[in-house]
Amino acid sequence: MQRQGSIGGSAAIRIRVTGSVLLVAHLAFVAWYTLRPLDVPWVMPANLRPLAGIRADLALGWPEAARHIGAGLALLAPLGVLLPMAGGRLAVSPLGSLIRTVAAGALLSLGIELLQTGVPGQVADVDALLLNTTGIALAHLAVVPVGRSWLRRRAERGRRADVPWEEAAQGRTPTVPRVGIAPWSDALPPSSP
């Protein structure tokens, strides 16, 4: 049984499997990158004030700030595309999809930040949570609506190609309501003498 609003056929399975494999690979990379212990002599305290880290990055100058902020935006940004891809739903509300994806990404980012408190050399940073969530939202808005639109057009072209040309041009055969059978005597032509 196919889910309501999902892509049908083998293309759907390929998209879901590809999305799931890429999602697992990306999450494995993020876990390795963010939760590995760092051998550093000194660590800054945890940043629990929103936008304080971004302001500190901007004080370093534009090239350094762009590198730090860009890294925060890009770390979890692929989740904005991979989460809907793994779900494989085609006919879905764009706003609902964005909210679900951003909420799931924000929870993953929060989990990473909480796990970092127990890793030597890593500290929790509320600005990383904000940047990661913003990156997920931007990636989703940039790719998913366009991709779903393209897939819907492609599926529609495939459905039109399955219908023979004559049938598509003429439409369905009209149906006539049932007419009862005339009595036998009325159906015979009048006899001539």
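The values are calculated or read from the model by the stated rules, or taken from the named source; none is laboratory data. The model shown is predicted, which means the values in this text are computed figures rather than measured ones. Don't worry about glycine lacking a Cβ; one is built from the backbone with ideal geometry, like all the others, and counts go over all protein chains shown. Heavy atoms of the whole protein, side chains included, go into the accessibility calculation; ligands, DNA and RNA do not. Shrake-Rupley method; radii C 1.70, N 1.55, O 1.52, S 1.80 Å.
Just one of the listed residues (ALA91, ALA66, ALA86) is within 25 Å of ILE15 (Cβ to Cβ) and surrounded by fewer than 18 Cβ atoms within 10 Å (Cβ to Cβ), namely ALA91.
For the range 77-88, the count of residues that are modelled with pLDDT of 90 or more, within 16 Å of LEU130 (Cβ to Cβ) and of a type in the set (A, V, I, L, M, F, W, C) is at least one.
Of all residues in the range 38-63, those being among the small types (Gly, Ala, Ser) and touching a residue at least 12 places away in the same chain (Cβ under 8 Å) number 3. Suppose we keep only residues that are in contact with a helix residue (DSSP H, G or I) (Cβ under 7 Å, 6 or more places away or on another chain) and in a loop (DSSP other than H, G, I, E, B) within the range 94-133. Which one would you say is surrounded by the fewest Cβ atoms within 10 Å (Cβ to Cβ)? Restricting to residues being in contact with a helix residue (DSSP H, G or I) (Cβ under 7 Å, 6 or more places away or on another chain) and in a loop (DSSP other than H, G, I, E, B), the top hit is VAL119.
When the residues of the range 144-160 are filtered to those that are closer than 17 Å to PRO94 by Cβ and among the basic types (Lys, Arg), the one that is farthest from the chain's Cα centre (by Cα) is ARG153.
Open to solvent by 40 Å² or more (accessible area, probe 1.4 Å), modelled with pLDDT of 95 or more and among the hydroxyl-bearing types (Ser, Thr, Tyr), is that true of SER20? So SER20 passes the test. In the set LEU35, LEU95, only one residue is touching a residue at least 40 places away in the same chain (Cβ under 8 Å) and either of a type outside the set (Lys, Arg) or more than 19 Å from ASP125 (Cα to Cα) (or both); that residue is LEU35.
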